[in-house]
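Since the structure comes first, as structure tokens, the remarks are kept for the end.
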Amino acid sequence: MSIVSLLREGPAITTSDRQVRVAARLHLPGVISMLAVLNEVLSADECAALIEMARPRLRPSTLVDPKTGRDLVSSERQSQGMFFRPGENELVARIDRRLAELTHLPVEHGEGLQILHYPEGAGSAPHYDWIQPSNEANRASIARSGQRISTLVSYLNDVPAGGETAFPELGWNVTPQRGSAVYFESCDPAGELYPVSVHHSLLVTAGEKWVATKWARTRPFVSA
Ligand SMILES: O=C(O)CCC(=O)C(=O)O
Ligand SMILES: [Fe+2]
């Protein structure tokens, strides 16, 4: 069987410590190699523990200015975020390994797990996770580690209303459900962008939203 995407095959993916169920897969050759919804990625206890470890370390989320490569803090109501270092404690190491085992990429290709918190009224603007080679910092990052090829956004809580991960070019919205995740690929193995991977978080209209994002590169990740 030829590999159509980096996501492992089958209706369930066996990792070293958990069976992850594949609820849906979208594979459109030449358009996007994979957009999938996964269930039972994280346990309720793991979701709660990640939130509590992240909470004291949250900082306003920044957007990278595509022209300068500098971080911009948006004036709109936005999320707050933080990064764990790869494998920085036992729980993070276990989750880093499990998330890598969902794919055909080694754990070393993963960036540190990012936690985002959206308060009520917050969302995000449509964007690509693909790194634009439009400034020196981004070109250096691509030179060190390759492109960001895959994204796994795991939902750490049930959002009472809103907060879906939306793919406007595909008319596809994923509802946040604790322990579930959306997986997608932003480019092909050669690094060519899939424009339909553009996505954003819809506004949280009631309650709050917590997610854990794992990005993986085409080569082992080396931080700046
Ligand atoms: O919060 C979401 O639903 C999407 C998160 C996201 O796009 C990202 O972390 O790059
Ligand atoms: Fe994103």
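The values are calculated or read from the model by the stated rules, or taken from the named source; none is laboratory data. This is a predicted model, so every value here is computed, not measured. A quick note on method: Cβ atoms are made from the backbone with ideal geometry, for glycine too, and the neighbour counts reach across all protein chains shown. Areas reflect the complete protein model, heavy atoms only, side chains present, ligands, DNA and RNA absent. Shrake-Rupley method; radii C 1.70, N 1.55, O 1.52, S 1.80 Å.
Hand me the list of strands (runs of 3 or more DSSP E) wholly inside the stretch 125-174 holding 2 or more residues that are closer than 18 Å to C187 by Cβ and out of contact with any Leu (no Cβ under 7 Å at 6 or more places or on another chain). Give the steps one after another, and end with the answer.
Working: elements: 148-155, 165-167, 172-174.
Result: 148-155.
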Of the residues in the stretch 203-217 that are over 13 Å from T151 (Cβ atoms) and surrounded by 19 or more Cβ atoms within 10 Å (Cβ to Cβ), the one that is nearest to the chain's Cα centre (by Cα) is W210
What about E136, is it more than 13 Å from ligand 1 (Cβ to nearest atom) and acidic (D, E)?
yes
Test set (1) open to solvent by 10 Å² or more (accessible area, probe 1.4 Å); (2) in contact with a helix residue (DSSP H, G or I) (Cβ under 9 Å, 6 or more places away or on another chain); (3) in a strand (DSSP E or B) - R178 fails condition number:
(3)
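Kindly establish whether G87 is part of a loop (DSSP other than H, G, I, E, B), surrounded by fewer than 22 Cβ atoms within 10 Å (Cβ to Cβ) and without any contact (Cβ under 8 Å) to a residue 24 or more places away in the chain.
Numbers: part of a loop (DSSP other than H, G, I, E, B): yes; surrounded by fewer than 22 Cβ atoms within 10 Å (Cβ to Cβ): yes; without any contact (Cβ under 8 Å) to a residue 24 or more places away in the chain: yes.
In short, yes.
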Only one of these conditions is not met by L63: (1) at pLDDT 95 or above; (2) part of a strand (DSSP E or B); (3) surrounded by 13 or more Cβ atoms within 10 Å (Cβ to Cβ). Which number is it?
(1)
Unmet criterion (only one of (1) in contact with a Ser or Thr (Cβ under 7 Å, 6 or more places away or on another chain); (2) away from ligand 2 (no atom under 13 Å from the Cβ)) for S150:
(2)
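With the structure loaded, tell me whether A166 is closer than 20 Å to V31 by Cα, within 17 Å of the chain's Cα centre (by Cα), of a type in the set (A, V, I, L, M, F, W, C) and crowded, with 17+ Cβ neighbours inside 10 Å or whether it fails that test.
On the way: closer than 20 Å to V31 by Cα: yes; within 17 Å of the chain's Cα centre (by Cα): yes; of a type in the set (A, V, I, L, M, F, W, C): yes; crowded, with 17+ Cβ neighbours inside 10 Å: yes.
Yes; evaluated as a whole, the condition is true for this residue.
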Hits in the stretch 153-163 (condition: touching a Pro at 6+ places or on another chain (Cβ under 8 Å) and either of a type in the set (F, W, Y) or within 13 Å of ligand 2 (Cβ to nearest atom) (or both))
Y155
